[in-house]
């Protein structure tokens, strides 16, 4: 019975630590992703202000970048979550109590690994499938909007000349509504037509693209007649089909290719023929993405997971951890960039992650505590003792 109670207590500790880590991870992930997404979304604000698109189109296009942001931010968010959980356990002296109860550090690592595996699976799904699909959808949407003359060429306050047709609008509103429309149509050599309307609505259907003009008048100047024919109308459909885009061919770049296309690219693919190294580098980058959360979690635990008393400072361990994380990630980015031309750097990056992970596991098993060297600590204390009296005396 006591043995069963011990297992229950251990299970409760695992659940407590894993829940705290995942909760912290979600908070950090949502916060960072939200902030970065807002800065990216503001670049597309002209979809509503300049092109008259609805807020749903704006949110749809802006939201397609979120999976890519999550795959990039998730390892950092997990690192922050593990650091927070370990710091909370240390501040509340829970690590000391757990260690005194006979649980070794390598056993305490298990709930963190459980949370890490969940995060890694999420990153793997996004990196290998969801992010490429979202980027492809974004490319199709941008291609469709970018090729649409009605949505992009006609800008408020400007006279736009499309061959023998001149247009001007005073204002563009959401839903394709144009306010203050002026059209000068000289496409027919036998007549010239001027149209002024209070407003117009862009409509697209199977028969083409039209501007449905409302509350305006039409002046028709026919060749050989001195006086123009003037017609007031309540509603008038002006054909713009020849200026509206048809089906557009979409070309995807390497980051927008599906993972199977990276593994077995089409032989006659012009992009692959031009730079096969980009396909290879992108494929391995998607494999590396779920590995970094595991490495970051192991590094955080190796530096901060050992039991310490409240008198033992953690500042050196935290500083060393952040510096090590920075070095590992920069080295990873460098290897990924160089691997386009030098495939051997892919092996080097795998080797780096294996070595770093093995060192962290060895350090955790051996219960090695990361502390500042005694000489460095003494030098800092000596410098502080000399600095304080100098400030008190007001001397430089």
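The values are calculated or read from the model by the stated rules, or taken from the named source; none is laboratory data. Because the structure is a prediction, the values reported are computed rather than measured. Every residue, glycine as well, gets a Cβ built from its backbone with ideal geometry; the counts of neighbours run over all protein chains shown.
Assorted remarks:
- Test for residue 281: is it within 22 Å of the chain's Cα centre (by Cα) and at pLDDT 85 or above: yes
- Selection of segment 159-189 for residues being in contact with a strand residue (DSSP E or B) (Cβ under 7 Å, 6 or more places away or on another chain), assigned to a loop (DSSP other than H, G, I, E, B) and modelled with pLDDT under 85 yields 159, 176, 187.
- Here is the figure for segment 296-327: residues that are within 21 Å of the chain's Cα centre (by Cα) and touching a residue at least 12 places away in the same chain (Cβ under 8 Å) total 2.
- The criterion of at least 1 residues that are buried (at least 20 other Cβ atoms within 10 Å of the Cβ), in the same structural domain as residue 260 (by TED's automatic domain parsing) and touching a strand residue (DSSP E or B) at 6+ places or on another chain (Cβ under 6 Å) is met by none of the helices (runs of 4 or more DSSP H) wholly inside segment 271-364.
- Scope segment 79-95; condition more than 13 Å from residue 112 (Cα to Cα) and part of a helix (DSSP H, G or I); matching residues: 87, 88, 90, 91, 94, 95
So that you can scan it fast, the table gives a plain yes or no per residue for (1) within 19 Å of residue 164 (Cα to Cα); (2) assigned to a strand (DSSP E or B); (3) within 48 Å of the chain's Cα centre (by Cα):
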| residue | (1), (2), (3) |
| --- | --- |
| 198 | no, yes, yes |
| 216 | no, yes, yes |
| 226 | no, no, no |
| 237 | yes, yes, yes |
